[in-house]
Amino acid sequence: MKEGKTGSPAAKIAVVAFIALGIVAFQYLDLKQYFSLDYIKASQERFQALYASHRLMVIAAYMAIYIAVTALSLPGAAVLTLAGGALFGVFVGTVVVSLASTIGATLACGVARFLLRDWVQNRFGNKLAAVNQGIEKEGAFYLFSLRLVPVFPFFVINLLMGLTRLRLTTFFWVSQIGMLPGTVVYVNAGKALAKIDSLSGILSPRVVISFALLGIFPMAVKKLLAFYQSRFRSGVETTGADVTKGPNPLPQRPRGQ
């Protein structure tokens with residue numbers, strides 16, 4: 001089924017202007033200094049005191065900042081996740097970060113779809129036909145695998161999925177589940193924020209490999225099930241054909257013998 005246009009040129013220009021304004025403000029006001037490990041570690045006690053007296057306000061402000069950072073594909077999500085673990089603890093931190101990161105990712109996906117999908121599909125529609133069919137059938141599995149393998153940048157997945165026909169509701173819940181293991185690792189690491197000197201040591205090679213295998217597992221199971229189902233169906237069809245033909249009739253003896 002052919003989908004309609006995703007927006008008027010004026011609306012797209014307004015969205016681009018808003019995004020550009022946010023990125024320029026981030027750079028011009030040097031806001032990236034507030035998303036560094038050094039700043040978060042130095043401000044930990046102050047933030048914890050604020051959280052102790054204004055819990056809901058701090059959670060709401062944290063989520064708003066996290067959603068804005070991920071929606072605009074700005075750097076700082078990893079540091080914010082560590083801060084969430086240090087500030088809220090593992091359970092509350094995981095819930096808050098998981099929800100905020102998924103909302104931000106879905107907004108980024110939706111913006112990419114609103115701005116670019118029509119142009120990409122119109123220009124490369126024939127070449128992308130197979131990709132579109134694959135996404136419609138197995139998009140959730142692909143996205144789940146990509147989310148679990150930390151090698152793929154967070155923002156790249158959001159933008160690329162925005163160019164496909166994967167439903168945003170599917171994108172949301174699959175991202176929620178797929179990003180959960182990595183979120184737990186980072187939030188848990190945030191409990192020992194004072195001991196962390198860089199982000200590189202948080203995900204060990206063993207953890208990365210485990211996530212990769214976990215991401216590939218559902219797709220592998222689906223392929224195996226499809227393979228055995230096709231074998232079973234072909235076997236049933238062959239058996240049915242033999243039954244229809246029936247056994248070879250016995251030769252009849254001539255009369256009078």
Hits in the range 49-71: amide N under 20 Å from the 7 Å Cα→Cβ extension of F91, namely 51-60
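What ranking of S101, S198 emerges when the number of other C-beta atoms within 10 Å of each C-beta is taken as an exposure proxy, fewest first? If you can, show how the numbers build up before the last one.
Values: S101 26, S198 7.
Fewest-to-most ranking of S101, S198: S198, S101.
FYI, it's all coordinate maths here, none of it is from the lab. Predicted, not measured: the structure shown is a model, and the values here were computed from it. Because the Cβ atoms are built from the backbone with ideal geometry, glycine has one as well, and the counts that use them run over all protein chains shown.
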